[in-house]
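Undergrad: Sharing a structure, written as structure tokens. Questions coming.
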Amino acid sequence: RSILEDVTIAAWKVGFLGSAEGVSAVAEILSDYPDVPLVSYLPNLSWVEEDAQQAYLEAFRELVLPQTEVLVGNHKTLTDFLLPDWDSERPASPRELAVAAAEHGTRYVLVTGVMLPAKGGTGQFVDNVLASAQGALTGEKFELFEVSFVGAGDTLSAALAALLGVGSELQAAVGEALQFLDQSLDAGFRPGMGNIIPDRFFWALPPE
């Protein structure tokens, strides 16, 4: 709040907030800025102890979703969160996820990692789709990387928030953010023995 007294906020990006109490504290501040677009990223929380996970998700659903312009998340993560009773063999569509999000006040969802049918030896592709309750709006298809990343969703949602903050139109911002993510992943690096980290400064690297 001390910082907010001195600076103008053009967009918000919210990622993992640690606990239900963290969600509540952040949501209280967000509520003071209803005209500033909010991009909310929901990561996979399967590693969190079950009771804490449920409390976190409930707080996120009640306090953050009503203020969210764009909810970003992996297809399976968003399905488990928004449509927990989904039992069809057919995967939920981005529009169906958007309808469920809209019931909590969220205007758009950006669904990542939608698996596409493999076509004769061309590799596995995934779709990334921006949708509203009326239907899919835009998207980008990318070939699936055969490695595991940490920070991909945060990179995408931060890029989208930055673009909205400088006045980009939503669909154009989504396309540019997805291209930025793809290049960040392509330039990713492994600092230790764990997963690969996207390199957000790929554009500043000297040519090989």
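Undergrad: Report which label in (i) 33.9, 114; (ii) 20.8, 80; (iii) 17.3, 57 holds the value of Rg and Dmax of the Cα atoms in Å derived from the coordinates of this structure.
TA: (iii)
Undergrad: Which whole-number value in Å² is the accessible area per residue of the stretch 83-138, probe 1.4 Å? Before the final figure, lay out the partial values.
TA: On the way: 3110 Å² over 56 residues.
That works out to 56 Å² per residue.
Undergrad: Now, a different point. Which value at 222 nm does the chain reach when only helices count, each DSSP H run of 4 or more adding -39,500 (n - 2.57), with the total divided by all residues and rounded to the nearest 500 deg cm²/dmol?
TA: So the helix-based figure for the chain works out to -10000 deg cm²/dmol.
Undergrad: Just to make sure I understand: if all protein chains stay in place, what is the order of Val147, Val174 by accessible area at 1.4 Å, largest first?
TA: So the residues, ranked largest to smallest area, are Val147, Val174.
Undergrad: Taking every DSSP beta bridge with both residues inside the stretch 16-120, roughly what % is antiparallel (nearest 5)?
TA: 0
Undergrad: Express as a percent, rounded to the nearest 5, the fraction of DSSP beta bridges in the chain (both residues included) that run antiparallel.
TA: Beta bridges within the chain, antiparallel portion: roughly 55 percent.
Undergrad: May I pose another question? Give the accessible surface of the stretch 22-64 per residue, rounded to a whole number of Å², with probe radius 1.4 Å and ligands, DNA and RNA excluded.
TA: On the way: 2280 Å² over 43 residues.
So the stretch 22-64 comes to 53 Å² accessible per residue, rounded to a whole number.
Undergrad: Using a 1.4 Å probe on the protein heavy atoms, what percent of the accessible area of the chain belongs to carbon and sulfur?
TA: On the way: 6150 of 11610 Å².
Answer for the chain is 53 percent, counting heavy atoms of protein chains only.
Undergrad: Which loop-located chymotrypsin sites (Phe, Trp or Tyr not before Pro) does the stretch 161-208 contain, where loop means any DSSP state but H, G, I, E or B and the Cβ has at most 16 other Cβ atoms within 10 Å?
TA: Numbers: sites: Phe180, Phe189, Phe201, Phe202, Trp203; in loops: Phe201.
Passing sites in the stretch 161-208 are Phe201.
Undergrad: Also, quick follow-up: Once you compute Rg and the Kirkwood Rh from C-alpha atoms, what is the Rg to Rh ratio for the stretch 1-119? Walk me through the intermediate numbers first.
TA: Values: Rg = 15.3 Å, Rh = 15.2 Å.
On the Cα set of the stretch 1-119, Rg over Rh gives 1.00.
Undergrad: Largest first, how would Met115, Met193 line up by accessible area (1.4 Å probe)?
TA: On the way: Met115 110, Met193 195 Å².
Sorted by accessible area, descending: Met193, Met115.
Undergrad: Tell me, in nm to one decimal, what length is gained between Glu208 and Ser31 on full extension, where the rule is 0.36 nm per residue of separation less the Cα-Cα distance?
TA: 59.0 nm
Undergrad: Can you pull out the GluC sites (Glu not before Pro) in the stretch 34-127 whose DSSP state is coil and whose Cβ has at most 16 other Cβ atoms within 10 Å? Mind dumping the intermediate values first?
TA: Numbers: sites: Glu49, Glu50, Glu58, Glu62, Glu69, Glu89, Glu96, Glu103; in loops: Glu49, Glu69, Glu89, Glu103.
Answer by residue number: Glu49, Glu89, Glu103.
Undergrad: At q = 0.14, 0.15, 0.32 Å⁻¹, what log₁₀ I(q)/I(0) does the stretch 1-41 have when each alpha carbon counts as one equal point scatterer in the Debye sum?
TA: -0.32, -0.37, -1.25
Undergrad: Now, a different point. Say each of Asn44 and Ala10 gets a label point 7 Å from the Cα, pointing the same way as Cα to Cβ; how far apart are those two points in nm?
TA: It works out to 3.4 nm between the two label points.
Undergrad: Same structure again: How would Trp86, Trp47 line up by accessible area, probe 1.4 Å, largest first?
TA: Values: Trp86 80, Trp47 170 Å².
From most accessible down to least: Trp47, Trp86.
Undergrad: In nanometres, what is the gap between the two model label sites at Ser168 and Phe201, each 7 Å from Cα along Cα-to-Cβ?
TA: Placing both labels 7 Å along Cα→Cβ, they lie 2.1 nm apart.
Undergrad: A further question on this structure: With all protein chains present, calculate the accessible area of Leu185 using a 1.4 Å probe and round the result to the nearest 10 Å².
TA: 20
The values are calculated or read from the model by the stated rules, or taken from the named source; none is laboratory data. Owing to the predicted nature of the structure, the values given are computational and were not obtained by experimental measurement. So basically every Cβ, Gly included, is an ideal-geometry build from the backbone, and we count neighbours across all protein chains shown. Calculation scope for accessible area: heavy atoms of the full protein, side chains included, ligands and nucleic acids excluded. Shrake-Rupley method; radii C 1.70, N 1.55, O 1.52, S 1.80 Å.
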